[in-house]
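Here's the structure we're looking at; comments come further down.
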Amino acid sequence: MSEIIRIENMSFEYERDEDREPVKAIRDLSLCVEKGSFTAIIGKNGSGKSTLAKNLNGLLLPTGGKVFVKGWDTADEEHIWDVRQTAGMVFQNPDNQLVSSIVEDDVAFGPENLGVDPVEIRQRVDKALSSVNMGEYKNKSPHLLSGGQKQRIAIAGVVAMKPECIIFDEPTAMLDPRGRQEIMDIIEELHDEGITVILITHFMDEAVRADRIVIVNEGRIFLDGTPGEVFREYDLIKSISLDVPMAVELAQRLRKRGVKIPEDVITSEGLVEYVCQYR
Ligand code: ADP
């Protein structure tokens with residue numbers, strides 16, 4: 001696999017008024033993301049996840065170090081649209097991402113801005129809407145839809161721009177459990193179709209669905225590995241007051257009571273499988 005995103009010694013500071021020190025949100029962080037991979041980024045509130053995400057498609061530019069998307073330096077103005085088209089972003093609040101009063105116009109907005117031919121835009125809109133199971137809503141007003149449906153429209157808007165990578169910044173945070181599940185299924189389908197996925201989440205059961213988890217703490221990478229490798233570090237994760245998936249917590253408690261559960265058991269399904277062997 002080749003890399004699609006390369007972050008080299010990146011730092012990011014938010015300037016504040018005169019006499020206040022800038023906020024160091026990201027500190028000397030380096031990371032590569034492989035094309036076609038599914039990476040979850042987790043960390044406490046304020047650890048720098050959103051700042052990192054916005055630096056991955058040029059919405060923010062690093063104040064130190066470099067970010068490359070498909071080899072383009074995000075600070076290179078000449079390639080900012082190449083960067084934005086390659087790496088799309090989906091945010092937490094779908095209301096802030098919807099711009100039109102008709103669903104299909106909304107989904108067409110991105111490709112229109114990219115100057116895509118109108119005939120092709122129609123095809124892309126239909127395909128993107130069907131990929132999020134919202135084809136039948138194309139003539140509706142987004143404002144009449146549920147939070148989960150609105151988020152699916154926002155995702156379709158990004159998909160219609162044919163990105164190679166989509167960065168999801170807590171896309172399910174405002175949704176009910178059913179809406180969350182639907183969005184996670186769509187994210188997995190997009191990944192299966194070959195799109196590189198970067199998912200920022202504070203739901204551990206979502207993070208375990210990725211093939212790599214990066215824990216960010218105080219603007220730095222704290223842990224990086226497969227879900228199995230990362231959640232094996234139970235004590236380390238707890239030391240920064242971060243949660244672990246429920247199955248990991250339960251397995252740990254069982255171990256303390258003398259039940260030998262392998263460290264790679266990190267999902268509820270895995271735990272059930274393991275325990276049921278001994279019935
Ligand atoms: P997370 O997404 O992990 O919650 P953020 O990237 O939002 O973290 O924030 C990282 C740090 O930067 C925090 O200390 C936060 O208060 C600060 N921060 C975020 N946005 C701004 C801003 N626009 N101006 C000043 N400080 C900010």
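The figures follow:
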item: Cα centroid separation - segment 1-63 against segment 174-202, whole Å; result: 21 Å
item: Ranked Glu104, Glu18, criterion: other C-beta atoms within 10 Å, fewest first; result: Glu18, Glu104
item: Fluctuation leader among Arg27, Arg220, Arg178 - the chain, Gaussian network, Cα springs under 10 angstrom; result: Arg178
item: For the chain, alpha-carbon Rg over 2.2 N^0.38 Å; result: 1.07
item: Of Lys54/Lys238; Lys238/Lys260; Lys24/Lys162, pairs whose Cα-Cα distance is over 30 Å; result: Lys24/Lys162
item: Expected 222 nm ellipticity per residue - DSSP helices of 4 or more, -39500 (n - 2.57), all of the chain, to 500; result: -10500 deg cm²/dmol
item: Fewest-first ranking of Trp72, Trp81, using other Cβ atoms within 10 Å as the exposure measure; result: Trp81, Trp72
item: Least to most buried among Thr172, Thr51 (fewest other Cβ within 10 Å first); result: Thr51, Thr172
item: Selected from Asp17, Asp169, Asp243 as most flexible by GNM, with the chain as the system and alpha-carbon contacts under 10 Å; result: Asp17
item: Under the Karplus curve 6.51 cos²θ - 1.76 cosθ + 1.60, θ = phi - 60°, whole-Hz ³J(HN,Hα) for segment 95-110, x wherever Gly or Pro sits; result: 4, 7, 10, 9, 10, 10, 9, 10, 3, 5, 5, 4, 5, 6, 4, x
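None of the figures in this text is laboratory data; all of them are computed from the coordinates on show. Note that the structure is a prediction, hence the values are computed from the model and not measured. Heads up, the Cβs are rebuilt from the backbone with ideal geometry, glycines too, and the neighbour counts pull from every protein chain shown.
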